[in-house]
């Protein structure tokens, strides 16, 4: 692959995120193409440091897949998003585009079971990446391009894929940094900073307050992720901030004062982590006899005491609590707003507007951290770059937040108050990551190339927003699945499961698959009858709710009553009598037309209101047979609402004239399934009601047909 990308002549590390406006169309086309080439080449240079291919299959980070997943994932992302955007009509490798699709965050519903994967060889993945690169390159050359490039532009998923790839260059480097050194080799593209010495004494410097406006406008000239857009205005009180990032030497004081052994300095979450992991120092520190060494990307070196201490949030928070007690001052981590105030007061140019990176960022200096007193911004140092800076702010959306329809799970899985923002970027942050609007968040026990500065502040922190689901579509489904019945109409999921169980009275009930499970009601109903249930939906937003209901037994959401008036609701599994067997369910994000191989051997597959929302329903019908045991059942419920925005007309199963005569979807199902299934029920119209507002309801019917696999 890398030989293809190397036709670009410039250094892949000397890049800027693409401007969405300015210049001619052909100039912009070439800019985007050059950005793609440099991104693929940079990623290849990172993976070139792995000298033993067996290392691709090691689990260097317990909460992430082996690195082979990420090597394939960034290419697969392009194909999946381009398919979703209808910019390509055919996949390159459906198997790869299934197994490399999901697994970025360490959400407990991610599929990290190695038994479920037969990873391909590195050579196969490299060949696949080469094909994807050539396809995307050809699309950039051939697709119509209008300026400016906008959220709705066909070039947006191209930029989305490139910026996503740059995120993974960084996250993969953090995984490689945890690999045993015998699997790695030095590489000239990744030089370590040669400067080290004694750490400077840190001190607090006063910072003025004021009114601060956060959020990015939709017409901003650079690409942004969904959580960057919207508005938020805050009034900041004056505060003081540390001149430097906390250095390794400064953090050593906390260690030597037995900070890791004193519960008083840790949050409840932090102390649980300490009890579980039993750390004595940060992850990238190595202690040999009485000496400390630092693990950089490709080596261990004597501890550079004047470099930033790279820690997780829990350690940074404990240090601040320790320092607060030691100094009798209100010391804590900065909020997102306080980080922005520091940035704004120092008028720091934003990428791509700098001639050279003003800090240790964008890979323009070294492939490691550097001394905390190397890059000055007025009286402060490292306001951007060197190491990401943990904040006290759990990530959430600004007012006006919207998910992008092509990537609905970029931000929303992190809006759980469990992921804290990191700001400022680090030495390997490139592209969108190196901009001031970037908003990335990690679980508090997670490691990136992240450190911290501290502030002295009496301003109360904003409390995390109440966990009421505000996404209109998701909230509506929460109420549809778990809310009260209306007009004496039984819940659709419960009704369909009841009818299926009548046909399964004398058949095995070991495994069931709820495909297109949405927020999970049918999965919980099936769990009352089956030993094992799998719930799969394409939407990570829906799966997040299903998983929350499984883990907590309740969900909270808001509904529109009228206009801007909303009401707040809580639903509990126990109220529905479904709180006994939820441990029998596994929820996954997945594509019904490209399921992973392990989803098989089912006695029942239930697909409620799914087929008329698939781009290629015939692909689903052709594939699903092999996943059902002979004698098992396939139950399909659908209102047959065929719309070209979901399914191209040529892919409709019915609802059109064939040879001049009306051809129904049921006839289409018989045509597709008749060779291997028999229809075992008289198809029945099952009613359901969806609440829009307090006075508006949709009363519809799904036709349920149940099919038994014969061969």
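Given the criterion over 19 Å from residue 492 (Cα atoms) and either at pLDDT 95 or above or assigned to a helix (DSSP H, G or I) (or both), identify the matching residue among 671, 645. Write out each step before concluding.
On the way: 645 fails: either at pLDDT 95 or above or assigned to a helix (DSSP H, G or I) (or both).
When all the criteria are applied, what remains is 671.
Across the stretch 50-93, what is the number of residues that are surrounded by fewer than 16 Cβ atoms within 10 Å (Cβ to Cβ) and in contact with a strand residue (DSSP E or B) (Cβ under 9 Å, 6 or more places away or on another chain)?
Residues in the stretch 50-93 being surrounded by fewer than 16 Cβ atoms within 10 Å (Cβ to Cβ) and in contact with a strand residue (DSSP E or B) (Cβ under 9 Å, 6 or more places away or on another chain): 3 in total.
Going by what's in this entry, would residue 428 be described as assigned to a loop (DSSP other than H, G, I, E, B) and surrounded by 24 or more Cβ atoms within 10 Å (Cβ to Cβ)? Write out each step before concluding.
Values: assigned to a loop (DSSP other than H, G, I, E, B): yes; surrounded by 24 or more Cβ atoms within 10 Å (Cβ to Cβ): yes.
Yes, satisfied.
Mind checking which residues of the stretch 34-67 are closer than 18 Å to residue 134 by Cα and over 25 Å from the mean Cα position of the chain (by Cα)?
34
Residue-wise test of (1) without any contact (Cβ under 8 Å) to a residue 24 or more places away in the chain; (2) part of a loop (DSSP other than H, G, I, E, B); (3) not assigned by TED's automatic domain parsing to the domain that holds residue 174.
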position	(1), (2), (3)
314	no, no, yes
321	no, no, yes
329	no, yes, yes
339	no, no, yes
342	no, no, yes
349	yes, yes, yes
352	no, yes, yes
355	yes, yes, yes
360	no, yes, yes
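Any idea which of 488, 514 is free of Cβ contacts under 8 Å to residues at least 12 places away in the same chain and either surrounded by fewer than 19 Cβ atoms within 10 Å (Cβ to Cβ) or closer than 18 Å to residue 592 by Cβ (or both)?
Values: 514 fails: free of Cβ contacts under 8 Å to residues at least 12 places away in the same chain.
On inspection, the qualifying residue turns out to be 488.
Determine if the stretch 293-313 includes at least one residue that is surrounded by fewer than 18 Cβ atoms within 10 Å (Cβ to Cβ) and under 30 Å from residue 234 (Cα atoms).
So far as the stretch 293-313 goes, no, none of its residues is surrounded by fewer than 18 Cβ atoms within 10 Å (Cβ to Cβ) and under 30 Å from residue 234 (Cα atoms).
Out of the residues in the stretch 578-605 that are modelled with pLDDT of 95 or more and more than 27 Å from the chain's Cα centre (by Cα), which is surrounded by the most Cβ atoms within 10 Å (Cβ to Cβ)?
It comes out as 604.
Looking at the stretch 519-547, which of its residues are part of a loop (DSSP other than H, G, I, E, B) and without any contact (Cβ under 8 Å) to a residue 60 or more places away in the chain?
519, 527, 528, 529, 531, 538
Can you tell which of 17, 39 is crowded, with 21+ Cβ neighbours inside 10 Å, at pLDDT 95 or above, touching a strand residue (DSSP E or B) at 6+ places or on another chain (Cβ under 7 Å) and within 22 Å of residue 172 (Cα to Cα)?
Values: 39 fails: touching a strand residue (DSSP E or B) at 6+ places or on another chain (Cβ under 7 Å).
The unique qualifying residue is 17.
Can you confirm whether residue 199 is within 24 Å of residue 435 (Cβ to Cβ) and part of a loop (DSSP other than H, G, I, E, B)? Walk me through it before giving the result.
Numbers: within 24 Å of residue 435 (Cβ to Cβ): no; part of a loop (DSSP other than H, G, I, E, B): yes.
Here the answer is no, as residue 199 does not meet what is asked.
Do we find a residue being under 20 Å from residue 408 (Cβ atoms), free of Cβ contacts under 8 Å to residues at least 60 places away in the same chain and out of contact with any helix residue (DSSP H, G or I) (no Cβ under 7 Å at 6 or more places or on another chain) anywhere in the stretch 564-576?
Initial filter on the stretch 564-576 (under 20 Å from residue 408 (Cβ atoms)): none.
There is no residue in the stretch 564-576 that is under 20 Å from residue 408 (Cβ atoms), free of Cβ contacts under 8 Å to residues at least 60 places away in the same chain and out of contact with any helix residue (DSSP H, G or I) (no Cβ under 7 Å at 6 or more places or on another chain).
The values are calculated or read from the model by the stated rules, or taken from the named source; none is laboratory data. All figures in this text were calculated on a predicted structure; none of them were measured in a lab. Here Cβ is always computed from backbone atoms with ideal geometry, including for glycine, and neighbour counts include all displayed protein chains.
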